[in-house]
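Participant: Take this structure first; my questions come after.
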Amino acid sequence: MRRGVLALILPALTLLLLLTIYPTIYLYMMMFQSFNPLIDFAPKFTGLDNFVTFANDPEAWYAIGIMFLLTTITVPVAVGLGILLAIIFTSRYLQGKILIRSLMLIPMSIPAVIVGLNWKMIFFTYGPLNAFLQSIGLPPQPWLSAPLGDPFKVIFVLAILDIWQWTPFVMLAVASGIESVPSDIREAASLDGASGWSVLRHITLPMAKTVIMVIALLRLIDSLRIFDIIYMLTFGGPGNITTTLPFYIYKVGFTLTAAKANIGYAALLSVILLAMAITLVLMTLMRLFKVERIIWG
Amino acid sequence: MKKTHILTLVISLACWLVCIAYLTPFLWMIATSFKPIGEWATPELIPKEPTFKNYYEVLITGGIYGVRGHFPPIGRYLMNSLIVSICTSLITSILGAMTAYAILRYRAGGSMFANWILSLRMIPAVAILYPLVVLTRTLGLYNTLGGLILVYPLVTFPITTWFMIGALKSVPKETEEAAMLDGCSEWQVFYKIVLPQASGGLATAAIFAFLFSWAEFLIPLLLAPGEAAMPLTVFAAYFSNQYGILWGPLAAAGVIISIPVITLAAAIQKYLIRGLTMGFVR
């Protein structure tokens, strides 16, 4: 590589290597050690003990399961709802299209922490939602502990937040996918007597398919990182019902409040989470996301 | 003709109703920020006796609410967030532009390098934060604004780089080649010729980096838990603790924290989806 080109990427490369290589090496070394700062003076090498702990830790397996459950609720709903909204919001009969789209940007521009706090107020037992339900004659619900009598349903409350924040993103992306289908193709089809619905079904949506796939995969990978709203809304509770893998790592490695609190164990869990995210990226997203074509094509 | 009018009316009405219903939670928070203490937890979207007391307390005096806790005025945390976000945004947009230019014109690092940067966008930050706590402690940057500015590029750099790749594509090659023949180095061509032509893209990239830095919560929660460098997102947790929720001040703080980013996101609306999908959707 020419020296001038190297000079262009060197500052960024140094910074990124420092921020990624150092943590990676640290994690790989730490996952064979045991260290709980509340008890131990220094980390000690324990070989594969953390792996054994992981294999026998139902909380960790539960955390992985609940992380994927949250994903399987949020991604299909957000994508489905987003496509539906994109279809009606790209209608040529809609007045004020530009304004309505700017307004729909609001949920995704708000920091997730604020979204979490906003909905925490709304779902509060003596809060506005329950007051509203009572005023129309419905029973109030303990949304953040056990809505409809089953604490497990708190997962759905968390899902609502993520869906609320990110459906507009899907909507706007799919809308631009739909609009990138040349209008003369659509017009030609409707002149041939195709109804609006069949133009949509057989021409517009198939042509926007790749866009929809990429958006769904981006949402999928992002949903493995959901943290802020759990922190604000439930803090992993009640009990450990909403403790997803990222939140479990936080409890095991940072607050040291989990039963298995240990920085070495948290390192192993982190490596597992990273491996899952990277596998997903390589196996799904990179197949559609042709870097060669996007950059130099 | 008649049918078109009816369709326009029905579809527009439906869309606007959906939009308003969708934004109701946020509208309710705005309303609550103007409500006096007696109305805090009510579902009304219009305060009966609107007041600025919540904003006054959050911005100027701070507040003490009996057993429910006390909160300091927002000023210092606003300052922390502004400094960190502006520095991160300047650093990563410029570094991102440099890297994007090297990738686009010289294929620096090949598709591997570009892929690697892209994949950084997908990393769950919680997984590598403990080592970064150790790193910032070692460098003496734990609990400082500098520590946050050092680590935030992990989040913002992939976005700015990929956005700049798209933005630099529209800069014509010919002037660059002419300057090269005149004996300019790659670096001189970049900052004398390419950068001025891509200034709009650079500003957009900077806004992207600002939006992401402003919203970041997990990194400062763990790298800057003390008062000295605490940004707004972590500060906001003050208003909701084990003693309960300080509804009015919380809503006011939420509005104050959201307004700048909503405005900036609206300003780059045209490019928002392109940036968030790393250039895949134009």
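The values are calculated or read from the model by the stated rules, or taken from the named source; none is laboratory data. Bear in mind the structure is a predicted one, so any value in this text is a computation, not a measurement. Cβ: placed from backbone, ideal geometry, glycine included. Neighbour counts: every protein chain shown.
Participant: Residue by residue through segment A:82-128, note down the ones that are of a type in the set (S, T, Y), within 9 Å of another protein chain (Cβ to nearest Cβ) and within 24 Å of A:T204 (Cα to Cα).
Facilitator: Here is the first cut: in segment A:82-128, the residues of a type in the set (S, T, Y) are A:90-91, A:93, A:102, A:109, A:125-126.
With the extra rule that they be within 9 Å of another protein chain (Cβ to nearest Cβ), the set shrinks to A:91, A:93, A:102, A:109, A:126.
Once the filter is applied, which keeps residues that are of a type in the set (S, T, Y), within 9 Å of another protein chain (Cβ to nearest Cβ) and within 24 Å of A:T204 (Cα to Cα), segment A:82-128 yields A:S91, A:Y93, A:S102.
Participant: Let me ask something else. Between residues in segment B:191-216 that are free of Cβ contacts under 8 Å to residues at least 60 places away in the same chain and residues that are charged (D, E, K, R), which pairs lie under 8 Å by C-beta distance while being six or more apart or on different chains?
Facilitator: What qualifies is B:I193/B:E176.
Participant: Let me ask something else. May I ask you to verify whether B:K35 is within 25 Å of A:I114 (Cα to Cα), touching a residue at least 60 places away in the same chain (Cβ under 8 Å) and outside any helix (DSSP H, G or I)? Give the steps one after another, and end with the answer.
Facilitator: On the way: within 25 Å of A:I114 (Cα to Cα): yes; touching a residue at least 60 places away in the same chain (Cβ under 8 Å): yes; outside any helix (DSSP H, G or I): yes.
Yes: the conditions hold for B:K35.
Participant: Just to check your reading of the model, which residue among A:F51, A:F45, A:F35, A:F41 is more than 7 Å from chain B (Cβ to nearest Cβ), out of contact with any strand residue (DSSP E or B) (no Cβ under 7 Å at 6 or more places or on another chain) and without any contact (Cβ under 8 Å) to a residue 24 or more places away in the chain? First the steps, then the outcome.
Facilitator: Working: A:F51 fails: without any contact (Cβ under 8 Å) to a residue 24 or more places away in the chain; A:F45 fails: out of contact with any strand residue (DSSP E or B) (no Cβ under 7 Å at 6 or more places or on another chain); A:F35 fails: without any contact (Cβ under 8 Å) to a residue 24 or more places away in the chain.
It is A:F41.
Participant: Also: Of the residues that make up segment A:264-283, is at least one buried (at least 16 other Cβ atoms within 10 Å of the Cβ), among the polar types (S, T, N, Q) and either on the phi > 0 side of the Ramachandran plot or modelled with pLDDT under 90 (or both)?
Facilitator: no
Participant: Now for a separate question. Assess whether B:I268 counts as being on the phi < 0 side of the Ramachandran plot, more than 16 Å from the chain's Cα centre (by Cα) and β-branched (V, I, T).
Facilitator: no
Participant: Could you list, in sequence order, all residues of segment B:23-46 that are within 14 Å of chain A (Cβ to nearest Cβ), closer than 29 Å to A:R101 by Cβ and more than 25 Å from the chain's Cα centre (by Cα)?
Facilitator: B:P43, B:E44, B:L45, B:I46
Participant: Here is a follow-up. Would you confirm whether any residue within segment A:130-152 is surrounded by fewer than 22 Cβ atoms within 10 Å (Cβ to Cβ), within 11 Å of chain B (Cβ to nearest Cβ) and under 30 Å from B:M278 (Cβ atoms)?
Facilitator: Within segment A:130-152, none of the residues are surrounded by fewer than 22 Cβ atoms within 10 Å (Cβ to Cβ), within 11 Å of chain B (Cβ to nearest Cβ) and under 30 Å from B:M278 (Cβ atoms).
Participant: While we're looking at this one, here's another question. When segment B:180-197 is examined, which residues are found to be more than 14 Å from chain A (Cβ to nearest Cβ) and either more than 35 Å from the chain's Cα centre (by Cα) or modelled with pLDDT under 85 (or both)?
Facilitator: First, pick out the residues of segment B:180-197 that are more than 14 Å from chain A (Cβ to nearest Cβ): B:181-182, B:196-197.
Across segment B:180-197, the qualifying residues are B:L181, B:D182.
Participant: A follow-up question, please. Provide a single number: the residues in segment A:153-205 that are in a helix (DSSP H, G or I), away from chain B (no Cβ under 11 Å) and at pLDDT below 85.
Facilitator: So the answer is 18.
Participant: Looking at segment B:200-241, which of the residues that are hydroxyl-bearing (S, T, Y) and crowded, with 22+ Cβ neighbours inside 10 Å is nearest to B:T160 (Cα to Cα)? Quick ask: steps written out before the conclusion?
Facilitator: Applying the first criterion (hydroxyl-bearing (S, T, Y)) to segment B:200-241 yields B:204, B:213, B:233, B:238, B:240.
From what is left, the residues that are crowded, with 22+ Cβ neighbours inside 10 Å are B:204, B:213, B:233.
Working: B:T204: 9, B:S213: 12, B:T233: 22 Å.
Looking at the filtered set, the residue picked out is B:T204.
Participant: List the residue pairs whose Cβ atoms are under 8 Å apart, where the first residue sits in segment B:9-22 and is at the interface with another protein chain (Cβ under 7 Å from one of its Cβ atoms) and touching a residue at least 12 places away in the same chain (Cβ under 8 Å), the second is polar (S, T, N, Q) and assigned to a helix (DSSP H, G or I), and the two are 6 or more positions apart or on different chains.
Facilitator: Taking only residues 6 or more apart or on different chains, not a single pair turns up.
Participant: Name the residues in segment B:236-282 that are outside any helix (DSSP H, G or I), small (G, A, S) and at the interface with another protein chain (Cβ under 7 Å from one of its Cβ atoms), would you?
Facilitator: In the first step, residues of segment B:236-282 are kept if they are outside any helix (DSSP H, G or I); the result is B:240-246, B:268, B:277-282.
Checking which are small (G, A, S) leaves us with B:240, B:244, B:279.
Of everything in segment B:236-282, those that are outside any helix (DSSP H, G or I), small (G, A, S) and at the interface with another protein chain (Cβ under 7 Å from one of its Cβ atoms) turn out to be B:S240, B:G279.
Participant: A further question on this structure: Looking at this structure, is B:M230 more than 10 Å from every other protein chain (Cβ to nearest Cβ) and either touching a helix residue (DSSP H, G or I) at 6+ places or on another chain (Cβ under 6 Å) or in a helix (DSSP H, G or I) (or both)? Show your work before the answer.
Facilitator: Values: more than 10 Å from every other protein chain (Cβ to nearest Cβ): yes; either touching a helix residue (DSSP H, G or I) at 6+ places or on another chain (Cβ under 6 Å) or in a helix (DSSP H, G or I) (or both): yes.
Taking the combined requirement at face value, the residue satisfies it.
Participant: Please go through segment B:48-65 and give me each residue that is at pLDDT 90 or above and in a helix (DSSP H, G or I), ordered by number. Give the steps one after another, and end with the answer.
Facilitator: First, the residues of segment B:48-65 that are at pLDDT 90 or above: B:48-60.
If the condition is that a residue be at pLDDT 90 or above and in a helix (DSSP H, G or I), then B:K53, B:N54, B:Y55, B:Y56, B:E57, B:V58, B:L59, B:I60 are the ones that fit.
Participant: Among the numbered conditions (1) in contact with a helix residue (DSSP H, G or I) (Cβ under 7 Å, 6 or more places away or on another chain); (2) of a type in the set (A, V, I, L, M, F, W, C); (3) within 13 Å of chain A (Cβ to nearest Cβ), tell me where B:L139 comes up short.
Facilitator: B:L139 satisfies all of (1) in contact with a helix residue (DSSP H, G or I) (Cβ under 7 Å, 6 or more places away or on another chain); (2) of a type in the set (A, V, I, L, M, F, W, C); (3) within 13 Å of chain A (Cβ to nearest Cβ) except (1).
One line per residue, one yes/no per condition, for (1) of a type in the set (K, R); (2) within 10 Å of chain A (Cβ to nearest Cβ):
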residue: B:R107; (1), (2): yes, yes
residue: B:G146; (1), (2): no, no
residue: B:P158; (1), (2): no, yes
residue: B:I165; (1), (2): no, yes
residue: B:A178; (1), (2): no, no
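Residue-wise test of (1) in contact with a strand residue (DSSP E or B) (Cβ under 9 Å, 6 or more places away or on another chain); (2) exposed (fewer than 12 other Cβ atoms within 10 Å of the Cβ).
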site: B:T8; (1), (2): no, no
site: B:I11; (1), (2): no, no
site: B:A14; (1), (2): no, no
site: B:L17; (1), (2): no, yes
site: B:P36; (1), (2): no, no
site: B:P43; (1), (2): no, no
site: B:K48; (1), (2): no, yes
site: B:T51; (1), (2): no, no
site: B:H70; (1), (2): yes, yes
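Participant: If the requirement is being within 14 Å of another protein chain (Cβ to nearest Cβ), within 32 Å of the chain's Cα centre (by Cα), surrounded by fewer than 18 Cβ atoms within 10 Å (Cβ to Cβ) and of a type outside the set (S, T, Y), which of these qualifies: A:L17, A:L13? Don't jump to the end; show me each part of the working.
Facilitator: Values: A:L13 fails: surrounded by fewer than 18 Cβ atoms within 10 Å (Cβ to Cβ).
Within the list A:L17, A:L13, the selection yields A:L17.
Participant: Same structure again: Inside segment A:71-99, can you point out the residues that are in contact (Cβ under 8 Å) with a residue 60 or more places away in the chain, among the β-branched types (V, I, T) and closer than 23 Å to A:T210 by Cβ?
Facilitator: A:T71, A:T74, A:V75, A:V77, A:V79, A:I83, A:I87, A:T90
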